[in-house]
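Q: Have a look at the structure that comes next, please.
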Amino acid sequence: MARLLPKRDAVIIGLGWTGSILAQQLTEAGLNVVAIERGPWRDTATDFNIAYMQDELRYAIRKELFLKPSVEAMTMRNNISQAAMPMRDYGSFLPGDGVGGAGVHWNGKTWRFWSSDFSIRSHLVQRYGAAKLKGLQLQDWGVTWNEIEHSFDQFEYLCGISGKAGNLKGQVQPGGNPFESPRTREYPNPPIKTGYAPTLFADKVRELGYHPFPQPSANLSQAYVNPLGVRMGQCTYCGFCERFACGNYSKASAQTTILPVLMKKPNFELRTECEVLKVNLTPDGKMARSVTYIDAKGVEYEQPGDIVVICAYALMNVRLMLLSQIGTQYDPVTGKGAVGRNYCYQTGSGARMFFEGKHFNPFIGAGSMGQTMDDFNGDAFDHGSLDFLGGGGISCDPSNGRPISYRPTAPGSPRWGAGWKKATIEGYNSSMGFSAQGSSYPVRENFLDLDPTYTDRYGRPLLRITFDFPDNDIRMSHFMSDQLERIAKPFGAKVTTVSRVRKGWNAVPYQSTHNTGGAIMGSDPGTSAVNKYLQSWDVPNVFVVGASAFAHNAGMNPTGTVGALAYWAAEAITSKYIKSPGKLVPA
Amino acid sequence: MSEQRALSRRRLLASVAALPILAATADGRSISGHLPWSPFAGEPPKPVSPLGWYFFNPGEVAAIEAIVNRLIPADELSPGGKDCGCAVYIDRQLAGPFGQGARLYNKPPFSPGLPTQGYQGDLSPAGRYRLGLRALNDYTHTSYKRGFAQLTPAQQDTVLAGMDGGTVALTLKPGFSTKEFFEMVLQNTMEGFFADPLYGGNRNMASWKMIGFPGARYDYRDHIDKHNVRYPRPPVSIYSAEG
């Protein structure tokens with residue numbers, strides 16, 4: 001029997017990026033907030049220590065800061081004809097764990113999805129006709145660019161994003177990304193330096209007539225004090241960014257931007273090492289009453305709250321909704337039901353060029369140190385004569401030269417024994433890569449539900465992922481690979497290799513921790529789990545915040561849009577919901 | 001100052017919890033009103049001792065040392081895998097949480113999966129090594145009438161290439177193939193060769209010197225603008241400039 005605790009105004013599940021933003025904004029509005037976090041407390045000086053953070057084995061290979069499958073695993077299969085099996089270790093993607101969540105060990109690439117993403121269906125139907133979208137479950141997100149632009153701005157100023165505007169209030173800016181949607185002001189900081197390989201890449205693609213620009217980066221170009229008064233430092237290009245926490249206070253995370261302010265508030269409490277088991281609903285299922293969680297000692301508690309905000313990782317948000325029976329499970333056969341719908345991923349490919357006599361110093365890098373061209377991203381180019389929709393950003397962004405993992409060698413080189421060392425030395429120092437990060441568009445067959453066989457340490461069903469790369473995305477990605485090949489030619493490398501996506505998503509090699517959808521936002525309760533304010537259509541005092549709300553995934557990293565959605569949902573709660581609790585959008 | 005506040009708050013909470021008529025108070029790791037901090041709260045890594053063996057028995061030691069020396073042969077570019085400490089590294093890894101598969105999802109049922117679903121066997125990494133090295137010795141005794149460690153380097157290369165290329169099949173377990181065993185040993189050997197020396201391998205930072213990786217350095221602002229110029233400084237490791 002769970003021990004009943006005193007009621008709070010709001011209960012936040014998970015204290016990563018979104019949970020921290022929600023907690024900051026809700027406490028600022030005077031609410032009494034408790035956040036319940038499964039993982040440990042973590043902070044820079046103690047846990048991300050600059051004296052030993054640069055340990056590839058501990059953090060990148062043994063994955064010390066990541067969620068352990070022994071705590072929560074997931075099962076996967078490529079289609080419903082297969083039996084899903086548990087990912088006994090995480091490989092293809094690596095969910096975060098603990099305070100700060102995946103925002104601790106992200107790279108810091110901070111994009112804004114485009115206006116044409118939020119209104120993707122309307123936009124594409126208008127440009128190409130409805131027949132072009134056949135087979136794709138693309139939907140408008142329910143929120144428009146003009147409504148949400150200021151939320152992107154809030155997140156970027158919180159983080160001190162270092163970049164160059166490409167479109168200020170409709171005016172295209174030299175040096176920025178001409179394809180981005182209009183922004184109201186410049187980035188808070190100038191771009192970071194981009195090193196040798198990205199500079200070479202930018203020069204070459206500019207000669208081809210494309211529009212390279214410095215990646216918007218949460219690795220900071222200079223010291224910065226954010227609007228909350230929190231101080232950050234300059235990035236040192238150490239090459240221990242993604243998979244690592246920053247020991248320099250120079251990568252934006254909850255720790256470096258919000259927690260120093262939030263944690264001191266008397267109307268905020270954090271409980272760590274406490275795992276939420278489910279959200280408890282009233283008997284009619286129409287309101288959330290409380291959450292049940294279990295602490296590190298195995299004691300169960302019930303924490304009542306007027307508002308419950310689910311801020312776990314995208315996949316866990318969906319699982320918690322299903323375990324709590326919030327909304328209806330999506331059925332891929334009928335296409336009915338909203339929770340689990342439109343699960344998407346990312347469709348990547350890469351080029352690598354091997355030179356003679358060049359020194360790239362690959363260990364000099366940062367998570368978001370790069371140059372990107374968006375000429376083939378989203379709908380920046382005409383798809384009229386093409387047999388697919390979508391696209392990808394093409395980037396040269398060397399993040400590290402950590403040698404357990406980073407050992408590119410020319411094709412045909414031995415991996416061990418005689419000769420491998422010579423090939424490794426050459427590839428390590430004298431090769432460079434660039435890649436296409438492709439969109440992932442929803443299809444009926446890709447979805448999330450609860451696994452019928454495998455359970456977690458408390459006996460709850462694991463989440464089951466049914467996913468394969470849709471034919472549309474394979475065609476898109478092969479088009480991107482063709483562009484990579486073409487772009488690589490003028491570099492004059494000795495050898496160039498280009499990868500191509502194939503059917504059969506493999507859960508083992510790392511690809512991307514950009515899992516999106518499953519609890520998507522929209523304007524129709526039949527095809528979306530939450531409304532445009534990320535409020536559950538079915539249980540209106542529950543808000544579900546994160547990339548789970550993405551109705552599709554663009555050819556960009558998700559965190560910028562996740563941060564914007566967090567501010568957007570927080571504003572809806574503080575400016576609308578607490579004044580008049582109830583459904584913010586009539587169903 | 002804030003710690004004092006925190007302490008008094010904790011005492012207050014404790015006294016409130018003692019009153020039975022009130023609703024229960026959450027136990028344990030509740031943090032409010034301050035940033036939790038205590039001195040020496042960091043967790044620096046512990047360097048392994050190079051002496052003795054914690055996991056491998058003497059026969060396994062001979063086999064794994066022979067394997068790492070063929071995967072990373074001594075030549076003008078670096079010492080061999082054994083002298084770099086790769087076998088010691090693997091031994092310490094297998095004796096610790098990695099060997100136990102502590103972070104893995106270990107719940108049954110264990111069913112054969114598809115290649116896209118990853119390893120689905122019930123053996124921990126340590127169990128896979130134990131079985132794999134025994135099967136390797138059985139194989140060489142059958143084919144060459146001696147243990148792997150007693151083969152000539154050329155014969156050892158032939159066996160390893162066969163395991164890598166699919167022409168040598170050891171007697172393992174369903175769901176654990178010879179190729180998987182080979183890939184695991186190769187991965188762990190390269191980890192030992194390229195990881196920080198504190199884990200027992202990469203002695204004298206031999207691999208970092210070989211490829212030009214500066215190791216645990218944390219600030220390249222002085223070189224970021226020097227395009228196409230080799231970084232001039234030697235490597236440092238977490239505990240030592242000497243490795």
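Q: Got a number for residues in the range B:201-243 being in a loop (DSSP other than H, G, I, E, B) and among the polar types (S, T, N, Q)?
A: Number of matching residues: 4.
Q: Only residues that are at the interface with another protein chain (Cβ under 10 Å from one of its Cβ atoms) and of a type in the set (Phe, Trp, Tyr): list them for the range A:420-440, please.
A: Within the range A:420-440, A:Trp420, A:Tyr428 qualify.
For (1) surrounded by 17 or more Cβ atoms within 10 Å (Cβ to Cβ); (2) part of a loop (DSSP other than H, G, I, E, B); (3) acidic (Asp, Glu); (4) not assigned by TED's automatic domain parsing to the domain that holds B:Tyr139, each residue gets a yes or a no:
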| residue | (1), (2), (3), (4) |
| --- | --- |
| B:Leu51 | no, yes, no, yes |
| B:Ala62 | yes, no, no, no |
| B:Cys84 | yes, yes, no, no |
| B:Gly99 | yes, no, no, no |
| B:Arg103 | yes, yes, no, no |
| B:Gly121 | yes, yes, no, no |
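Q: For the range A:161-193, which positions are crowded, with 16+ Cβ neighbours inside 10 Å and touching a Pro at 6+ places or on another chain (Cβ under 6 Å)?
A: Residues satisfying the conditions are A:Ile161, A:Ser162, A:Gly163, A:Lys164, A:Gly166, A:Asn167, A:Pro191.
Q: Test each condition in (1) of a type in the set (Val, Ile, Thr); (2) over 14 Å from B:Ala66 (Cα atoms); (3) out of contact with any helix residue (DSSP H, G or I) (no Cβ under 6 Å at 6 or more places or on another chain) for B:Thr158 and report the one that comes out false.
A: If we test B:Thr158 against (1) of a type in the set (Val, Ile, Thr); (2) over 14 Å from B:Ala66 (Cα atoms); (3) out of contact with any helix residue (DSSP H, G or I) (no Cβ under 6 Å at 6 or more places or on another chain), just (2) comes out false.
Q: Taking A:Thr272 as the residue in question, decide whether it is touching a Phe, Trp or Tyr at 6+ places or on another chain (Cβ under 6 Å), of a type outside the set (Asp, Glu), buried (at least 23 other Cβ atoms within 10 Å of the Cβ) and under 30 Å from A:Phe48 (Cα atoms).
A: no
Condition check ((1) under 25 Å from the mean Cα position of the chain (by Cα); (2) hydrophobic (A, V, I, L, M, F, W, C); (3) not in a strand (DSSP E or B)) across all residues:
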{"position": "A:Pro332", "(1), (2), (3)": "yes, no, yes"}
{"position": "A:Ser349", "(1), (2), (3)": "yes, no, no"}
{"position": "A:Glu356", "(1), (2), (3)": "no, no, yes"}
{"position": "A:Phe360", "(1), (2), (3)": "no, yes, yes"}
{"position": "A:Phe363", "(1), (2), (3)": "yes, yes, yes"}
{"position": "A:Ser368", "(1), (2), (3)": "yes, no, yes"}
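Q: Only one residue in A:Gly582, A:Gly555 is of a type outside the set (Val, Ile, Thr) and on the phi > 0 side of the Ramachandran plot. Which one?
A: Going through A:Gly582, A:Gly555 in turn, the sole match is A:Gly582.
Q: Still on this structure, please answer the following. Cβ-Cβ under 7 Å, sequence separation 6+ or interchain: first residue in the range A:27-44 and among the basic types (Lys, Arg), partner in a loop (DSSP other than H, G, I, E, B). Which pairs?
A: Short answer, once both residue conditions are applied: A:Arg38/A:Cys274; A:Arg42/A:Gly98; A:Arg42/A:Val99; A:Arg42/A:Gly100; A:Arg42/A:Val104.
Q: Being over 22 Å from A:Met87 (Cα atoms) and among the β-branched types (Val, Ile, Thr) is true for just one of B:Thr178, B:Thr158, B:Thr116. Which residue is that? Spell out the reasoning first.
A: On the way: B:Thr178 fails: over 22 Å from A:Met87 (Cα atoms); B:Thr116 fails: over 22 Å from A:Met87 (Cα atoms).
None of the other options fit; the residue is B:Thr158.
Q: Quick check on the range A:351-394: of everything there that is among the polar types (S, T, N, Q), more than 13 Å from chain B (Cβ to nearest Cβ) and buried (at least 24 other Cβ atoms within 10 Å of the Cβ), which residue is farthest from B:Ile211 (Cα to Cα)?
A: Just the residues of the range A:351-394 that are among the polar types (S, T, N, Q), to begin with: A:361, A:368, A:371-372, A:377, A:385.
Still in the list and also more than 13 Å from chain B (Cβ to nearest Cβ): A:368, A:371-372, A:377, A:385.
Checking the rest, the ones that are also buried (at least 24 other Cβ atoms within 10 Å of the Cβ) come to A:368, A:371-372, A:377.
Details: A:Ser368: 24, A:Gln371: 26, A:Thr372: 28, A:Asn377: 36 Å.
The qualifying residue farthest from B:Ile211 (Cα to Cα) is A:Asn377.
Q: Report whether or not A:Leu57 is assigned to a helix (DSSP H, G or I) and facing chain B (nearest Cβ under 7 Å). Write out each step before concluding.
A: Values: assigned to a helix (DSSP H, G or I): yes; facing chain B (nearest Cβ under 7 Å): yes.
The answer is yes for A:Leu57.
Q: Could you say whether any residue in the range A:114-135 is touching a strand residue (DSSP E or B) at 6+ places or on another chain (Cβ under 8 Å) and either within 22 Å of A:Thr18 (Cα to Cα) or in contact (Cβ under 8 Å) with a residue 12 or more places away in the chain (or both)?
A: Scanning the range A:114-135 turns up no residue that is touching a strand residue (DSSP E or B) at 6+ places or on another chain (Cβ under 8 Å) and either within 22 Å of A:Thr18 (Cα to Cα) or in contact (Cβ under 8 Å) with a residue 12 or more places away in the chain (or both).
Q: Please go through the range A:333-350 and pick out each residue that is buried (at least 24 other Cβ atoms within 10 Å of the Cβ) and hydrophobic (A, V, I, L, M, F, W, C).
A: A:Ala338, A:Val339, A:Cys344 - these are the residues of the range A:333-350 that are buried (at least 24 other Cβ atoms within 10 Å of the Cβ) and hydrophobic (A, V, I, L, M, F, W, C).
Q: Hey, another quick one. Out of everything in the range A:168-206 that is among the aromatic types (Phe, Trp, Tyr) and touching a Lys or Arg at 6+ places or on another chain (Cβ under 9 Å), what residue ends up being farthest from A:Gly378 (Cα to Cα)?
A: My answer is A:Tyr196.
Q: Any residue in the range B:181-188 that is out of contact with any Phe, Trp or Tyr (no Cβ under 9 Å at 6 or more places or on another chain) and crowded, with 21+ Cβ neighbours inside 10 Å?
A: Checked the range B:181-188: at least one residue is out of contact with any Phe, Trp or Tyr (no Cβ under 9 Å at 6 or more places or on another chain) and crowded, with 21+ Cβ neighbours inside 10 Å.
The values are calculated or read from the model by the stated rules, or taken from the named source; none is laboratory data. Everything numeric in this text was worked out from a predicted model, so none of it was measured. Backbone-built Cβ (ideal geometry, glycine too); neighbour counts: all protein chains shown.
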